[in-house]
Amino acid sequence: MKFVSCEKPGVVECFALVKGCDKKTAKNGSSYLDMLLADKDGEMYAKLWDYREDVLPLPQVNTVIKVRGTLQQYNGNDQMIVQKIRVAVPSDNINISDFVKSSDYSGEIMFNTVYSLAESFADSELKGVVTGMLSDNREKLLFFPAAEKLHHAMTGGLLYHTLSIIRLCECVCAIYPCVDRELLVAGAILHDIAKIKEYTVNETGIINGHTVEGVLLGHLVMGAEDVGRKCDMLGVSEKTKFLLQHMLISHHGKPEFGAAVRPAFIEAEVLSQLDMFDANMYEMADAVKDAPVGDFTGRLWMLDNRRFFNHGRKAVEPQAIIIDEESAE
């Protein structure tokens with residue numbers, strides 16, 4: 001995150017988007033705020049001790065605030081101890097979209113790239129299902145994030161994550177001819193598509209929360225159900241329908257990670273592995289880019305609380321190259 005130094009040594013201030021805010025009770029019985037603050041450059045946890053609601057109303061999620069405080073290390077990560085806080089006012093000339101990460105490419109460019117790929121399928125059943133699902137969900141796919149706090153949690157992140165996996169799929173298929181390319185790519189395109197029903201998201205791409213069906217069913221089950229209905233409507237064979245549905249409900253790999261079943265054929269296993277690989281790559285690169293050269297990142301929960309070393313041999317960018325420059329123009 002970007003900070004401005006204040007007159008007092010060690011004190012910094014900034015405007016930040018509130019991504020999370022919980023009122024908690026300290027060991028001494030006093031209340032404090034545990035917040036997750038963000039801007040386009042990153043996220044940081046912050047604490048406001050001795051919180052009194054009669055002095056300061058609880059900051060609302062997805063609003064912009066101005067904070068002042070000191071930075072300290074906690075579990076290997078930067079954390080702000082807040083001294084002053086206020087809600088942004090009109091005279092601050094704040095645009096909330098300036099505080100939201102976005103992908104390197106527009107939603108239209110990414111959607112058209114994915115749709116054109118699906119439209120090129122030789123398998124008419126896969127082509128019909130995938131292009132139909134994309135068309136049905138185009139409006140939300142243009143801006144939806146892939147996650148609330150972890151990998152690709154940015155405007156357009158869902159399509160970005162999808163395209164990243166598609167590029168990985170193409171590399172795998174070039175090496176292993178036994179892999180059914182169109183089936184694998186179809187699964188990659190559809191695997192997270194029901195996230196648009198799992199989360200509630202505003203027009204800037206910020207997740208407000210989960211839908212009721214998102215909590216009760218999750219995007220794996222909802223995606224498989226949607227694909228099943230589309231297959232039935234198009235008269236797709238039962239075999240193709242079941243293969244696609246299995247890839248969706250198994251792509252988290254293990255039941256403890258949310259999968260309904262373990263992957264049971266080659267393309268399903270490859271999709272599961274590549275989904276995890278892309279998520280992990282984003283998390284590692286996003287953390288390493290902010291670590292000083294010669295130092296370690298904080299502990300990454302998604303990667304077993306490991307810390308990663310920034311060796312400095314190459315500049316690190318978390319986003320992948322998913323579209324060539326000519327296609328992106």
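Computed in the context of the full set of protein chains, the accessible area of the chain at 1.4 Å probe radius has 52% of its extent on carbon or sulfur. Taking every protein chain into account, the accessible area of the chain amounts to 51 square angstrom per residue (probe 1.4 Å). Helix 238-250 and the longest principal axis of the C-alpha atoms of the chain enclose an angle of approximately 20°. The residues packed around Thr63, meaning those with a beta-carbon under 13 Å from its beta-carbon, carry a net charge of +2 if Lys and Arg are +1 and Asp and Glu are -1.
Peptides 189-200, 100-111, 44-55 ordered by packing proxy, namely the average of other Cβ atoms within 10 Å per residue, highest first: 189-200, 100-111, 44-55. Where does the charge balance sit around Thr297 when Lys and Arg score +1, Asp and Glu -1, over other residues with C-beta under 14 Å from its C-beta? Summing Lys/Arg as +1 and Asp/Glu as -1 gives -3.
The overall shape of segment 12-99, judged from the alpha-carbon gyration tensor, is oblate: a/c is not under 1.5, and a/b is no greater than b/c.
Each of (1) 33, 22, 20; (2) 39, 21, 19; (3) 46, 19, 17 is a candidate for semi-axes √(5λ) of the Cα gyration tensor in Å; the one calculated from this structure is (2). Let me check I've understood the local charge: for Leu168, count other residues with C-beta under 14 angstrom from its C-beta, Lys and Arg +1, Asp and Glu -1. What total comes out? With Lys, Arg at +1 and Asp, Glu at -1, the neighbours total -3.
Put a dot 7 Å past the Cα of Arg52, heading toward its Cβ, do the same for Phe242, and the two dots end up 6.7 nm apart. As a quick test, which of the pairs Lys27/Lys101; Lys8/Lys40; Lys66/Lys314; Lys19/Lys197; Lys8/Lys289 have an alpha carbon distance above 31 angstrom in this structure? Correct reply: Lys27/Lys101; Lys66/Lys314.
Axis of helix 266-288 versus longest Cα principal axis of the chain: the two differ by about 20°, to the nearest ten degrees. Of the residues His251, His210, His311, the one that moves most in a GNM of the chain with alpha-carbon contacts below 10 Å is His311. Look at the alpha carbon pairs under 8 Å that are at least 6 residues apart: their mean separation over the length of segment 165-321 gives a relative contact order of 16 percent.
The values are calculated or read from the model by the stated rules, or taken from the named source; none is laboratory data. Computed from a predicted structure; not experimentally measured. Cβ atoms come from the backbone with ideal geometry, glycine included; neighbour counts cover every protein chain shown. Ligands, DNA and RNA are stripped out before the accessible areas are found, and what is left, the full protein with its side chains, is counted by its heavy atoms. Shrake-Rupley method; radii C 1.70, N 1.55, O 1.52, S 1.80 Å.
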